[in-house]
Amino acid sequence: MSAPSVGMASTTGDSTVDRGMTRTVAGARFVEAMERRRFWHGVQDAALALALAAAGIAEAFGFVESVMGDGSPVVSSFGIVLAAGLLSQRRLHTWLLPGVFAVWLAMGVLTLGQMQSLFWGQLVPFIVALYSLARHGRGRLPWIGAGAAAVALLFADFFLPVLQSVDEIAFHWTVCVIAFAAGWGLRTSEARAVAAAMRANAAETESREQARAAVAEERTRIARELHDVLAHSVSVMVVQAGAAEQVVDDDPEYVRRALAAIRVAGANSLDEVRRVVSLLRESDAADGLAPQPGITAIGELVAAAEATGLEVDFEVSGTPHDVPPGLGLTAYRIVQEALTNVRKHSDARRARVAVRCGAGDAHDRGRR
């Protein structure tokens with residue numbers, strides 16, 4: 001009777017190993033995908049930084065007519081290259097982005113405000129850096145970057161005459177605030193989406209675990225039921241075979257009856273085993289599945305016990321068909337186990353089984 005339990009334990013162990021290997025492979029693939037993503041992010045950011053650097057240098061040297069103020073294009077180019085280098089790490093190392101504002105603040109201090117004011121070389125990198133800080137920065141970094149940008153803009157407002165008009169001040173402050181707000185909004189939306197996905201994944205995982213637990217519990221119940229079925233049938237066959245062995249020479253007719261009883265018990269046992277094992281099969285068809293035994297099937301147990309030579313007084317009162325199936329199966333198993341114990345563990349030749357069916361109850365009383 002230990003074979004079914006061992007088989008299920010082995011299957012459970014194999015499935016656990018398979019799930020562990022699946023998680024390991026999935027984890028390795030996830031890491032590989034993240035590495036590829038980081039690589040392409042680096043390539044894209046480097047390309048953006050290179051394009052901004054080229055546009056800024058062209059603007060500083062007069063190839064693009066958007067430069068304002070007087071200043072050295074060489075000094076401006078130096079600041080453009082430094083800022084572009086920092087922008088190339090805007091997603092891989094976001095903590096470097098406040099350096100974009102620090103570069104231009106330092107350039108303004110060193111030149112005492114005598115520097116060019118550039119759209120592609122200064123304002124656009126400011127916008128990209130602010131957006132990237134709000135979108136990808138973690139912890140306090142977005143606010144540190146926003147503070148550095150505000151200091152740089154205030155310096156420009158106070159010390160660069162070309163940027164001191166109301167229109168210019170309103171323009172560059174509005175654009176920078178919009179860039180930061182856009183990055184922060186996308187960051188918030190992404191965080192909510194990730195949280196929702198994590199909750200859904202957790203709910204799905206919990207549902208799978210509950211399903212596995214239910215399957216394990218059902219298999220344990222089936223194993224117990226299989227044990228009860230086989231224990232009863234095998235005990236009947238053992239008793240009959242032992243009795244037949246004692247009178248094989250003296251009473252051939254009794255031997256024939258005992259062999260017939262053994263055959264019937266074996267056939268019934270096989271039917272029960274087939275019914276129970278069929279519950280383990282993953283099939284939606286219910287054809288061929290015998291109903292669960294109940295109160296009405298106790299008579300078969302009594303007949304099988306009497307076939308072994310045990311006298312059984314059997315009495316049923318009430319309406320067995322009104323008993324719920326679950327309660328009926330419980331009563332059936334109790335009687336089955338009781339009759340098995342009488343044959344296996346006592347010398348009694350007489351037993352009594354009395355079943356009282358009331359409103360929603362079934363009482364089984366048996367004594368040797």
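The values are calculated or read from the model by the stated rules, or taken from the named source; none is laboratory data. In this text, all values refer to a predicted model and were calculated from it rather than measured experimentally. Every residue, glycine as well, gets a Cβ built from its backbone with ideal geometry; the counts of neighbours run over all protein chains shown.
The residue pairs whose first member lies in the stretch 202-224 and is in contact (Cβ under 8 Å) with a residue 12 or more places away in the chain, whose second member is surrounded by 10 or more Cβ atoms within 10 Å (Cβ to Cβ), and whose beta carbons are closer than 6 Å, counting only pairs six or more residues apart or on different chains, are ARG219/MET8; ILE222/VAL276; ILE222/LEU279; ALA223/PRO4; ALA223/SER5. Of the residues contained in the stretch 183-204, one or more are found to be at pLDDT 85 or above, under 46 Å from the mean Cα position of the chain (by Cα) and among the hydroxyl-bearing types (Ser, Thr, Tyr). Answer yes or no as to whether SER233 is surrounded by 16 or more Cβ atoms within 10 Å (Cβ to Cβ) and either touching a helix residue (DSSP H, G or I) at 6+ places or on another chain (Cβ under 9 Å) or modelled with pLDDT of 75 or more (or both). The answer is yes for SER233. You will find that of VAL255, VAL316, VAL302, VAL312, the residue that is crowded, with 16+ Cβ neighbours inside 10 Å, modelled with pLDDT of 75 or more, touching a strand residue (DSSP E or B) at 6+ places or on another chain (Cβ under 6 Å) and farther than 21 Å from LYS344 by Cβ is VAL316 and no other. If you go through the stretch 341-357 and keep only what is surrounded by 13 or more Cβ atoms within 10 Å (Cβ to Cβ) and free of Cβ contacts under 8 Å to residues at least 60 places away in the same chain, you end up with ASN341, VAL342, ALA351, ARG352, VAL353, ALA354, ARG356.
Per the listing VAL128, VAL175, the residue uniquely more than 36 Å from the chain's Cα centre (by Cα), under 27 Å from VAL43 (Cα atoms) and surrounded by fewer than 16 Cβ atoms within 10 Å (Cβ to Cβ) is VAL175.
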